[in-house]
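Engineer: Sharing a structure, written as structure tokens. Questions coming.
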Amino acid sequence: MSQVHEKVSVRGAIVLLLVLINVIVVKAAFTVNANWYWAMLATLPLLLLAMYDIRQKKHALLRNYPVIGHLRYLFESIGPELRQYFFETDLDGKPFSRRQRSVVYQRAKNEKQTVAFGMQANPAAPGYEWISHSVYPVELNLEDLRVWIGNDQCLQPYNASVYNISAMSYGSLSKTAVSALNQGAALGGFAHNTGEGGISDYHLKGGDLIWQIGTGYFGCRAENGRFDPIAFKQKALISNVKMIELKLSQGAKPGHGGILPAAKNTEEIAAIRHVAPGTTVHSPASHAEFDGPVGLMQFIQFLRHLSNGKPVGFKLCIGDKQEFIDICQAMLVTGIIPDFISVDGAEGGTGAAPLEFTDHLGMPLHEALAFVKQTLDEHELSASIKIIAAGKIITGFDILKALALGASACYSARGMMFALGCIQALQCDSGKCPVGVATQNPALYKGLDPADKKVRVASFHANTLIATKEMMEACGFKSIQDVHASKFFRRIDEENTRNFEQIYFKSNNKVLHQNFQYLN
């Protein structure tokens, strides 16, 4: 009872204090100077706020501590900004540290990219990673950092950069952000993945496109929500579309569908996605056109036929290993070989997702890459299928790690967002992105100038490839095929280090062949 009495006393004391302050102000206005009435513009609203706080029943904190309880919500709301600007060290900050963000900003602006006075990371700490360099460096050209995607079943192979823009839809990103990304891709000669939201006019600014098809079949969707081959063919034959990517799952929320709320489903968005405007549209967790590995292969071949032989592949976050093994066996059974597989690590983060899906579902990128590479090797498919890696890849070292674990090329989403000016405000799913990247609010996205940001996107890409090339030269890698896992090391504990081949490609990690389920 004493605790209850104490809280009530605090509440009463706050109200009494505000009443006394208002009385004093009124008395001063009567006896001293009428200008004191102006003070009531502050004191009277505070008293009214206190009365409201006491009467409301939603927040116990505000009922017990009227007025001053609002400070808690204020400090909570600005906590991320306080940590980022005043308390973070260069190696702090999640999901990207200040140092990681800074290198993107510097490369995007063509500013100084060197650091002074040695490393800040602790090389004796578990998890520290490095590459073994060579006493015989080599020389490379930036043209060496490209890869042909397309096997002998493909009629129009694509010569891709090893570093490209990952899937982010118009609707998730603003029109100015999408325009800047595509124009930057055109300037830098790399590819821009559309995301599953369809191809908008903002994607058609000259850059090469990888058209992603999700479970909602946006942009090639019939009225009943199923796949529309005529609409698909019409868009797949656009000259800017260089490859087709069928999305099975994504790292941010594998196995989870999505919803386009009616409020966001504008006339423009609806026209792009082939849905009715002003309605809530669901993206199911799985595809309606197939329900097994054989059906997946047949659908891929159908897309390849409709696109006149452009490279077609699929994207997934690895979950159940046996399911991917079944997919590889379906390739052998059907004779249909995809041109590429995009492996999205559980680190993926541009898709808004439930906390449990973000933190605890899906295989991290490096483990997934090694597993996919080994599985393709076991089935003798590696020569025909290129692997594209996605998941927190923003530096040359990140790219080389992915290549060492089996990737032929990489995607970056958040790195490209940083190049656009993203400040990691963590407001992507609120529609209130302060820099106009992830919002549909004209008052915010008009602050992002595509003419300026396209140059920054291209510069970030170019400078990152230069850093990648220089690291390859220092290590004696004459081509991206020479980047080998045995040259990369990680400290396991204070006394032991292991190379990536030992960590990820151990002999006891061989792929197990189990009974294959013939599903259509």
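The values are calculated or read from the model by the stated rules, or taken from the named source; none is laboratory data. This is a predicted model, so every value here is computed, not measured. Neighbour counts run over all protein chains shown; Cβ positions are idealised from the backbone, glycine included. The accessibility values were calculated without ligands, DNA or RNA, using every heavy atom of the protein model including side chains. Shrake-Rupley method; radii C 1.70, N 1.55, O 1.52, S 1.80 Å.
Engineer: Provide the gained length on full extension for the span Leu237 to Ala124, in nm with one decimal, where the gain is 0.36 nm per separating residue minus the Cα-Cα distance.
Structural biologist: 35.3 nm
Engineer: Tell me, what is the 1.4 Å probe accessible area of Asp152, in Å² to the nearest 10?
Structural biologist: Ignoring ligands and nucleic acids, Asp152 comes out at about 140 Å².
Engineer: Sticking with this structure for a sec: What are the radius of gyration and Dmax of the range 426-499, computed over its Cα atoms and given in Å?
Structural biologist: 20.3, 55
Engineer: Go through Ile238, Ile272 and list them by solvent-accessible area, largest first, probe radius 1.4 Å.
Structural biologist: From most accessible down to least: Ile238, Ile272.
Engineer: First compute the accessible area of the chain with a 1.4 Å probe, then give the percent of it belonging to carbon and sulfur atoms.
Structural biologist: 56
Engineer: Take the alpha carbon gyration tensor of the range 292-350, find the square roots of its eigenvalues, order them as a ≥ b ≥ c, and report rounded if a/c is under 1.5; if not, report prolate when a/b exceeds b/c, else oblate.
Structural biologist: oblate
Engineer: Take the Cβ-Cβ distance between Phe397 and Glu495 as r, set R0 to 30 Å, and report the resulting FRET efficiency rounded to the nearest 0.05.
Structural biologist: That pair, Phe397 with Glu495, gives E of 0.80.
Engineer: Rounded if a/c is under 1.5, else prolate if a/b is larger than b/c, else oblate: which is the range 212-318, with a ≥ b ≥ c the root eigenvalues of its Cα gyration tensor?
Structural biologist: Oblate shape, in that a/c is at least 1.5 and b/c is the bigger or equal ratio.
Engineer: Would you mind checking the tilt of helix 293-306 against the longest principal axis of the Cα atoms of the chain, expressed as 0 to 90 degrees and rounded to 10?
Structural biologist: Once rounded, one gets 80 degrees.
Engineer: Mind checking the per residue accessible area of the range 201-298 for me, 1.4 Å probe, whole number of Å²?
Structural biologist: 42
Engineer: Ok, one more. For the chain, what relative contact order do you get, as a whole percent, if you take Cα pairs closer than 8 Å and at least 6 residues apart?
Structural biologist: About 19 percent, as a whole number.
Engineer: Taking GluC sites (Glu not before Pro) as candidate sites, keep only those in a DSSP loop with at most 13 other Cβ atoms within 10 Å, then name the longest stretch of the chain containing none of them.
Structural biologist: Counting only loop sites that pass the neighbour cut-off, the longest clear stretch is 224-379.
Engineer: The range 380-520: D in µm²/s via Stokes-Einstein (Kirkwood Rh, Cα pairs, 25 °C, 0.890 mPa s)?
Structural biologist: 133
Engineer: Another one. Between Ala29 and Ala60, what length in nm is gained on full extension when 0.36 nm per residue of separation is reduced by their alpha carbon distance?
Structural biologist: Taking 0.36 nm per residue and subtracting the Cα distance, the gain is 7.6 nm.
Engineer: Another question, then. Helix 450-475 versus the longest principal axis of the chain: what angle, 0 to 90°, nearest 10, using Cα atoms?
Structural biologist: Tilt relative to the chain: about 50 degrees.
Engineer: Express in nm, to one decimal, how much length is gained between Ser102 and Ser479 on full extension, taking 0.36 nm for each residue of separation and deducting their alpha carbon distance.
Structural biologist: Length gained between Ser102 and Ser479: 132.9 nm.
Engineer: What are the extents of the Cα atoms of the range 102-210 along their three principal axes, in Å, largest first?
Structural biologist: 49, 38, 29
Engineer: Please state the charge dipole magnitude for the chain, taken about the Cα centre, from unit charges on C-beta atoms (+1 on K and R, -1 on D and E), reported in debye and rounded to the nearest 20.
Structural biologist: The calculated dipole for the chain is roughly 1600 debye.
Engineer: Per residue, what volume in Å³ does the convex hull of the Cα atoms of the chain enclose?
Structural biologist: Spelled out: Cα convex hull of the chain, divided by residues, is 225 Å³.
Engineer: Taking 2.2 N^0.38 Å as the expected size of a compact globular protein, what ratio does the Cα radius of gyration of the range 99-146 give against it, to two decimals?
Structural biologist: Rg over 2.2 N^0.38 Å, computed on Cα atoms: 1.55.
Engineer: Same structure again: Checking the table Lys253/Lys392; Lys392/Lys469; Lys205/Lys235; Lys175/Lys315; Lys321/Lys386; Lys112/Lys453 against a 21 Å threshold on Cα-Cα, which pairs fail?
Structural biologist: Result: Lys175/Lys315 exceed 21 Å.
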